[in-house]
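Trainee: Sharing a structure here in structure tokens format.
The numbers here are math on the coordinates, done by the rules we state, and not lab data. Remember, it's a predicted structure, so these values are computed and weren't measured experimentally. Cβ sites come from the backbone with ideal geometry, for glycine too, and all protein chains shown count toward neighbours.
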Amino acid sequence: MAAQKGKDLLLKVDDGASNFMTVAGIRTHRLALNADSIDATNQESAGQWRELLTGGGVRRASVAGAGIFKDAAADATIRQIFFDAIIRQWQVIVPSFGIIEGPFQIVSLDYRGEHTAEVTFELALESAGELTFTAI
């Protein structure tokens, strides 16, 4: 994958009517994909080297972003999803890589503002089910 502009990574949420809307002017992004391993090492493991169980463990994704809300509607949508503690379908679009889509829950929503600047926010999501990947 060639170098990409950070601003091109998009975060979208299902608006409840099966449409994905861009939620914000996110200035910093982070997508982390993780998989736990299961140690299957036993007394007969070659040289007592650790062995891992293929396909075992739990996979998960974390998404974080910070920036300014695109508009009042995006702010209201995110705020309502957080306060209702509901799980929605989200898309994380990574240019020249692909789209990761699936259910996520907002686990953190922070607002901040400086006297001479705009109100900004930080958002953190955790996967809540199976994710799909579509290459682009």
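Trainee: Can you tell me the dipole magnitude for the chain around its Cα centre, using point charges on the Cβ only (Lys, Arg +1; Asp, Glu -1), in Debye to the nearest 20? Intermediate values should be presented prior to the final figure.
Mentor: Details: 12 positive and 17 negative charges, 69 e Å.
The dipole magnitude comes to about 340 debye.
Trainee: A further question on this structure: In what sequence do Ile68, Ile81 fall when counting other Cβ within 10 Å, fewest first? Walk me through the intermediate numbers first.
Mentor: Details: Ile68 16, Ile81 22.
Placing the least packed residue first, the sequence is Ile68, Ile81.
Trainee: Here is a further query. Whole-Hz Karplus ³J(HN,Hα) for the stretch 93-108, in order, using 6.51 cos²θ - 1.76 cosθ + 1.60 and θ = phi - 60°, x for Gly and Pro?
Mentor: 9, 10, x, 6, 10, x, 10, 9, 9, x, x, 9, 10, 6, 9, 7
Trainee: Just to confirm a number: summing +1 for Lys and Arg and -1 for Asp and Glu over residues other than Glu44 whose beta-carbon lies under 15 angstrom from that of Glu44, what do you get?
Mentor: Values: positive: Arg50; negative: Asp39, Glu51.
So the environment of Glu44 carries a net charge of -1.
Trainee: Still on this structure, please answer the following. Mind listing the phi-derived Karplus ³J(HN,Hα) values for the stretch 121-126, rounded to whole Hz, using 6.51, -1.76 and 1.60 with θ = phi - 60°, and x for any glycine or proline?
Mentor: Whole-Hz 3J(HN,Hα) from phi for the stretch 121-126: 9, 10, 10, 10, 10, 10.
Trainee: Taking amide H atoms as placed 1.01 Å from N in the peptide plane, list the residues 5 or more away in sequence, or in a different chain, whose amide H sits under 5 Å from that of Val23.
Mentor: For Val23, whose amide H was placed from the backbone, the distant partners under 5 Å are Leu11, Val13.
Trainee: Also, I was wondering about something else. Which is the longest run of the chain containing none of the GluC sites (Glu not before Pro) found in DSSP loop states (not H, G, I, E, B) with at most 13 other C-beta atoms within 10 Å?
Mentor: Numbers: sites that count: Glu44, Glu114, Glu118, Glu130.
After excluding every exposed loop site, the longest remaining stretch is 45-113.
Trainee: Where does the longest stretch of the chain lie that holds no trypsin sites (Lys or Arg not before Pro) found in a DSSP loop with 12 or fewer other Cβ atoms within 10 Å? List each step's numbers first, then the result.
Mentor: Numbers: sites that count: Lys5, Arg50.
Segment 51-136 is the longest.
Trainee: Also: Ranking His29, His115 by Cβ neighbours within 10 Å, fewest first, what do you get? Could you put the intermediate results ahead of the total?
Mentor: On the way: His29 18, His115 4.
So the ranking, lowest neighbour count to highest, is His115, His29.
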